[in-house]
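For reference, the structure is listed below as structure tokens.
The values are calculated or read from the model by the stated rules, or taken from the named source; none is laboratory data. As the structure is a prediction and not an experimental result, all values here were calculated from the model. Note: ideal-geometry Cβ built from the backbone for every residue, glycine included; neighbour counts use all protein chains shown.
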């Protein structure tokens with residue numbers, strides 16, 4: 001027990017360790033915006049005639065799947081950097097390789113398709 | 001490791017082994033741990049090989065290979081655990097010849113508190129319990145990671161307490177020592193399947209918890225490639241300061257396969 005107390009005291013005396021942690025935390029404050037990569041849901045439902053909260057919630061979940069689950073393996077790529085045809089291959093391949101639940105998969109598909117539609121509307 | 005314990009580990013593996021495909025984790029570095037965890041039900045096997053050479057204290061032709069066989073399991077959206085079936089090594093010196101040693105088996109736990117993409121900073125807590133016939137160790141890590149565009153920045157703070165060597169009259173783990181380590185990493189994703197980066201390590205041994213030995217600094221490049229259902233990551237670390245009895249070069253490769 002005395003050993004343990006001595007060890008804890010030894011650690012606490014090393015304040016430099018805490019300094020390093022503080023530097024790292026400040027780095028995290030420089031948060032980036034991922035809106036360019038995965039447009040926020042507000043952009044996707046802007047033209048909706050009726051307030052469809054269920055659709056908004058599903059799109060929000062889909063966006064989080066895109067940003068959180070997909071980034072477990074790679075940095076999220078801008079959705080609109082790839083064509084509809086590209087996504088026709090990418091989505092099935094990625095979904096096959098991940099362990100997404102059926103709900104997450106449906107939300108992800110819905111979100112990506114909505115973003116692609118947004119891109120098509122903007123181009124057309 | 002006793003046979004019953006080994007059998008128990010196999011049973012645990014069998015329970016958790018499910019026939020699913022899954023992507024490899026980010027794996028941009030080999031010494032730094034990333035914040036992300038596997039999805040529930042995902043399992044991954046990782047094979048570690050670490051070569052260490054160029055010791056400064058003699059001309060005895062020393063080199064060493066460390067091996068680790070690790071299974072990682074996703075338990076919940078934020079929690080994963082891992083089993084190290086065996087950490088073992090092959091040591092060589094001209095005077096002693098080549099020696100193969102089993103060191104430890106281990107359990108590892110990681111809990112993700114925040115995400116490196118959607119939160120200001122990603123943070124996870126990590127614990128590891130190692131046990132072997134001549135060594136028992138507890139290791140805690142605070143894992144930080146931030147993803148900014150195609151860049152990933154990582155930092156690990158590591159604290160390890162270790163008891164090893166057996167004494168007279170059956171006494172076990174008679175020598176206690178510690179280690180503090182700070183790992184910094186940066187990685188750039190060239191394409192989704194390939195990233196380049198670097199890792200910097202600062203390792204400070206604490207013999208007998210009475211004072212610190214010379215901190216060992218290493219730095220070197222990291223390369224990572226990810227295929228469908230597998231990944232490979234290699235880091236080459238060069239010692240920035242020479243410490244007697246400590247290797248100057250380390251080359252670590254992790255090969256992962258998903259189930």
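On the given criteria, is residue A:107 within 10 Å of another protein chain (Cβ to nearest Cβ), surrounded by 11 or more Cβ atoms within 10 Å (Cβ to Cβ), out of contact with any strand residue (DSSP E or B) (no Cβ under 9 Å at 6 or more places or on another chain) and part of a helix (DSSP H, G or I)? No, not satisfied. Consider the range B:122-140 and keep the residues that are within 12 Å of chain A (Cβ to nearest Cβ) and over 17 Å from residue A:74 (Cα atoms). The one that is surrounded by the fewest Cβ atoms within 10 Å (Cβ to Cβ) is B:140.
Considering each residue of the range B:17-29 in turn, at least one proves to be touching a strand residue (DSSP E or B) at 6+ places or on another chain (Cβ under 6 Å), modelled with pLDDT of 95 or more and assigned to a loop (DSSP other than H, G, I, E, B). Is it the case, given these coordinates, that residue B:97 is crowded, with 20+ Cβ neighbours inside 10 Å, at pLDDT below 95 and on the phi > 0 side of the Ramachandran plot? No: the conditions fail for residue B:97. For the range B:147-165, filtered to residues that are in contact (Cβ under 8 Å) with a residue 24 or more places away in the chain and within 14 Å of residue B:183 (Cβ to Cβ), the residue that is nearest to the other protein chains (Cβ to nearest Cβ) is B:155.
Residue by residue, here is whether (1) modelled with pLDDT of 85 or more; (2) over 26 Å from residue B:42 (Cα atoms); (3) within 14 Å of chain B (Cβ to nearest Cβ) holds:
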position: A:39; (1), (2), (3): yes, yes, no
position: A:43; (1), (2), (3): no, yes, no
position: A:59; (1), (2), (3): yes, no, no
position: A:62; (1), (2), (3): yes, no, yes
position: A:82; (1), (2), (3): yes, yes, yes
position: A:90; (1), (2), (3): yes, no, yes
position: A:96; (1), (2), (3): no, no, yes
position: A:99; (1), (2), (3): no, no, yes
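Taking the range B:241-255 as the range and being at pLDDT 95 or above and either outside any strand (DSSP E or B) or surrounded by 18 or more Cβ atoms within 10 Å (Cβ to Cβ) (or both) as the test, the residues that pass are B:250, B:252, B:254. The test for being at pLDDT below 95, within 12 Å of chain A (Cβ to nearest Cβ) and surrounded by fewer than 21 Cβ atoms within 10 Å (Cβ to Cβ) holds for residue B:193.
Taking the conditions (1) in contact (Cβ under 8 Å) with a residue 40 or more places away in the chain; (2) more than 10 Å from chain A (Cβ to nearest Cβ) in turn, residue B:144 satisfies each one other than (2). Within the range B:33-71, the residues that satisfy the criterion of being crowded, with 19+ Cβ neighbours inside 10 Å and farther than 22 Å from residue B:117 by Cα are B:43, B:44, B:46, B:50, B:52, B:55, B:62, B:68, B:70, B:71. Quick check: is even one residue across the range B:211-223 surrounded by fewer than 17 Cβ atoms within 10 Å (Cβ to Cβ), without any contact (Cβ under 8 Å) to a residue 60 or more places away in the chain, within 12 Å of chain A (Cβ to nearest Cβ) and assigned to a strand (DSSP E or B)? Looking through the range B:211-223, none of the residues is surrounded by fewer than 17 Cβ atoms within 10 Å (Cβ to Cβ), without any contact (Cβ under 8 Å) to a residue 60 or more places away in the chain, within 12 Å of chain A (Cβ to nearest Cβ) and assigned to a strand (DSSP E or B). I'm told residue B:45 meets every condition in (1) modelled with pLDDT of 95 or more; (2) away from every other protein chain (no Cβ under 14 Å); (3) more than 17 Å from the chain's Cα centre (by Cα) except one. Can you identify the failing condition by its number? Result: residue B:45 passes all but (3).
Go through the range B:48-78 and count every residue that is assigned to a strand (DSSP E or B) and within 14 Å of another protein chain (Cβ to nearest Cβ). Residues meeting the conditions: 3.
Could you tell me whether residue A:55 is more than 11 Å from chain B (Cβ to nearest Cβ), assigned to a helix (DSSP H, G or I) and at pLDDT below 90? Yes: the conditions hold for residue A:55.
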